[in-house]
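The values are calculated or read from the model by the stated rules, or taken from the named source; none is laboratory data. Everything numeric here is computed off the predicted structure, so don't read it as measured data. Here the Cβ positions follow ideal geometry from the backbone for every residue, glycine too, while neighbour counts run over all protein chains shown. Each accessible area value is taken on the protein alone, full model and side chains, heavy atoms only, with ligands, DNA and RNA left out. Shrake-Rupley method; radii C 1.70, N 1.55, O 1.52, S 1.80 Å.
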Amino acid sequence: MPKLSPEQQAARRLRIVDAAERCFSRNGFHRTTMQDICKEAGISPGALYLYFDSKEALIEALTERDREQFAGHFANAGEGDDFAAVLEHVFRVCVVDQPPHKSALCIEIGAESTRNPAIAATMRRFDESLRASLMLWLGDAQRKGLIDPVQPLEQALTAAIVIADGFMWRRAVDQNFDVEAAAPLMTAMISSVLRPLKPAPNAKSRKTPHKAAPESVA
């Protein structure tokens with residue numbers, strides 16, 4: 001059998017991670033087997049175990065992929081002068097426009113983290129990294145005079161994350177949840193905590209162009 005190039009190996013690894021995401025979202029963590037993931041990805045068990053030795057390792061790969069994607073959104077968000085518009089865009093890309101199964105998967109991983117130490121550690125690393133990216137973004141916005149949080153920035157960020165988590169939880173458990181109708185209210189609630197300031201009349205206000213969200217988790 002010919003040896004795969006690094007590019008082919010990366011593509012296969014991504015295919016496995018995507019297959020695991022679909023299986024976990026559809027069947028849950030415990031009901032999904034490694035054989036299910038092999039079938040979904042169209043590979044042999046031997047090929048799967050070359051990349052991942054457990055379902056926990058697959059969860060770690062899923063959260064790492066999402067962490068990188070979210071960090072990229074927050075890094076690019078710092079370019080705008082109209083913080084309210086940028087906040088709306090980031091919330092839409094990272095939460096609203098994510099496929100519905102993402103919300104269910106986040107709930108599934110969160111529940112499993114309460115009883116599985118390995119997944120709990122993965123979630124802790126993800127949360128710490130996510131908060132660090134958000135703090136860099138918000139700290140920069142505060143230094144530029146774009147926001148004036150009601151509470152210290154750490155507390156304001158915690159409140160904003162809780163609001164976003166509640167949005168995702170409701171989306172996961174309520175099939176009748178009107179995502180589009182609720183999204184403006186969610187961003188308004190987060191804005192009430194962060195208190196975006198109106199840009200100066202001469203400021204070049206730039207909103208990041210809206211793009212379809214990549215398929216990502218947590």
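The residues listed here are ILE161, ILE109; of these, the one that is of a type in the set (A, V, I, L, M), without any contact (Cβ under 8 Å) to a residue 60 or more places away in the chain and either open to solvent by 30 Å² or more (accessible area, probe 1.4 Å) or in a helix (DSSP H, G or I) (or both) is ILE161. Answer yes if at least one residue in region 77-88 is hydrophobic (A, V, I, L, M, F, W, C), open to solvent by 40 Å² or more (accessible area, probe 1.4 Å) and touching a Pro at 6+ places or on another chain (Cβ under 7 Å), and no otherwise. Yes - at least one qualifying residue is present in region 77-88. Of all the numbered requirements in (1) crowded, with 19+ Cβ neighbours inside 10 Å; (2) in contact with an Asp or Glu (Cβ under 9 Å, 6 or more places away or on another chain); (3) under 17 Å from TRP169 (Cβ atoms), PRO99 misses one, and that requirement is (1).
Of the set (1) acidic (Asp, Glu); (2) in contact (Cβ under 8 Å) with a residue 60 or more places away in the chain; (3) open to solvent by 30 Å² or more (accessible area, probe 1.4 Å); (4) under 30 Å from PRO196 (Cβ atoms), all apply to GLU56 but (4).
Selection of region 123-155 for residues being among the charged types (D, E, K, R) and over 29 Å from GLY110 (Cα atoms) yields ASP140, ARG143, LYS144, ASP148.
The set of residues in region 164-191 that are free of Cβ contacts under 8 Å to residues at least 40 places away in the same chain and aliphatic (A, V, I, L, M) comprises ALA181, ALA182, LEU185, ALA188, MET189. Here is the figure for region 15-37: residues that are part of a helix (DSSP H, G or I) and either over 25 Å from the mean Cα position of the chain (by Cα) or surrounded by fewer than 13 Cβ atoms within 10 Å (Cβ to Cβ) (or both) total 1.
Checked against the criterion of being crowded, with 19+ Cβ neighbours inside 10 Å and assigned to a loop (DSSP other than H, G, I, E, B), region 126-148 has at least one qualifying residue.
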